[in-house]
Amino acid sequence: MWTEGRDTGLALARDNERPRNLLLKSLPLEELERLSPLLQKVPLIPRRVLQHAGLPIEHVTFIEEGLVSVLAKVDERNAVEVGLIGHDGAVGSIVVLGAGTAAFSHFVQIGGTALRVGVDDLFRMLPALPRLREALHLYLHLSWMQSAQVAACSLGHSFEQRLASWLLTAHDRCDMSDLPITQDLLARSLGVRRPTVSDAFKQLAQRGVFAKERGRVRILDRARLERIACRCYRAMCRQRDALKRSKMGGKTLIALSLVFALLEIELAVQ
C-alpha cells in the first residue's frame, strides 16, 4: 500500500507491503525506499492518450490498475495495437535504452491508477537502483518478443483465436473479470472492421464463454476461452512467467525466454 508522502512523492505505509505493479513489486525494499519519494500516484483516464508517438518521454509510468494499448500507425488515420501494458509493465520504460522520444502511442483502454517518475529523477537515481534497471531491461526484452508474437499471430491464426487471446491477456494484466471495453475499440486495436468483432462476440457468447453487456464484457468460462485461444497466448504466458522469475539471473533468463519465443513464433506461422 502506498500513502501520500511529503512533497510530491509516495512512501511505503508498512515495510512488508509492496506496490501492485510487478516491476516495482520485484524490487528489494532498499530500492523501493529510495525510489518511493520520486513516485507520484496518477489516474489513468479511459480513452485518453497517455503518451503520444514522436513526442519526448517525460515520465516512466508504472501501471497499477488499468490497461494501456501500444499503438503503431499504419497510415495517417489508422493505428494497430502491437502490445498491451497492465500491472506487469511501464509506459516510457524505453528511456533506459537511450530513447528520448516515443516510437508508439500509448492509449488507455481501461482506466485505473499508476505510479510515475520523472525521467530526469529516474536517471539521477538509477545508478543506486541496479535491480530496477535489470527489471526494466528484462521487461523491454520480453515486450519485444511479445510484439513479435502478436505479429505472427495476426498472420497465422483466425480472428476468433486472436480475440480469445486478447481477452485472456487483458484479463491477466488488469485482474478484472468484467472488462469495460467496446467493440469499436477492439476493432481498431485488432485492425478489423466492427462487424467482424460483432460476429465473433455473438458466437462466443452463444457458447457461454462470456456475457456481453453495453460497453462491458464479463468472462464466464475462462477455461473454455483458453481452449479457443491460439498457442500464441500460451507463449506469452511463458514469457510473462519468466519476468516474474527474474531473480534467477538476467542473462540466463533472457537466453531461455528468447529460445522459447522464437520456437513459438516459428510454429505460429507454419
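The values are calculated or read from the model by the stated rules, or taken from the named source; none is laboratory data. Not measured: the values here are computed from a predicted model. Quick reminder, even Gly has a Cβ in these numbers, built from the backbone with ideal geometry, and neighbours come from all protein chains shown.
Observations on the model:
Residue-by-condition table, conditions (1) in contact with a His (Cβ under 9 Å, 6 or more places away or on another chain); (2) surrounded by fewer than 17 Cβ atoms within 10 Å (Cβ to Cβ); (3) more than 27 Å from VAL74 (Cβ to Cβ); (4) free of Cβ contacts under 8 Å to residues at least 60 places away in the same chain:
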{"residue": "LEU168", "(1), (2), (3), (4)": "no, no, no, no"}
{"residue": "LEU179", "(1), (2), (3), (4)": "yes, no, no, no"}
{"residue": "ALA187", "(1), (2), (3), (4)": "no, yes, no, yes"}
{"residue": "ARG194", "(1), (2), (3), (4)": "no, yes, no, yes"}
{"residue": "ARG222", "(1), (2), (3), (4)": "yes, yes, yes, yes"}
{"residue": "ARG227", "(1), (2), (3), (4)": "no, yes, yes, yes"}
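- Scope the stretch 201-242; condition assigned to a helix (DSSP H, G or I) and among the basic types (Lys, Arg); matching residues: LYS202, ARG222, ARG224, ARG227, ARG231, ARG234, ARG238, ARG240
- Residue list for the stretch 135-175, restricted to those being over 22 Å from LEU97 (Cα atoms), of a type outside the set (Lys, Arg) and in contact with a strand residue (DSSP E or B) (Cβ under 7 Å, 6 or more places away or on another chain): VAL150, LEU167, THR169, ALA170, HIS171, CYS174
- All positions within the stretch 158-185 that are in a helix (DSSP H, G or I), more than 16 Å from ALA205 (Cα to Cα) and among the aliphatic types (A, V, I, L, M): ALA170, LEU185
- The set of residues in the stretch 35-47 that are of a type in the set (D, E, K, R) and modelled with pLDDT under 95 contains only ARG47.
- Flag for ARG173 being among the basic types (Lys, Arg), more than 25 Å from LEU22 (Cα to Cα) and assigned by TED's automatic domain parsing to the domain that holds ARG216: no
- When the criteria are applied in full, VAL91 fails the requirement of being crowded, with 16+ Cβ neighbours inside 10 Å, more than 27 Å from HIS171 (Cβ to Cβ) and of a type in the set (Val, Ile, Thr).
- Qualifying residue in the stretch 146-157 (condition: modelled with pLDDT of 90 or more, among the polar types (S, T, N, Q) and assigned to a helix (DSSP H, G or I)): no
- Residue that is modelled with the lowest pLDDT [pool: residues in the stretch 197-220 that are surrounded by 15 or more Cβ atoms within 10 Å (Cβ to Cβ) and closer than 25 Å to VAL49 by Cβ]: VAL217
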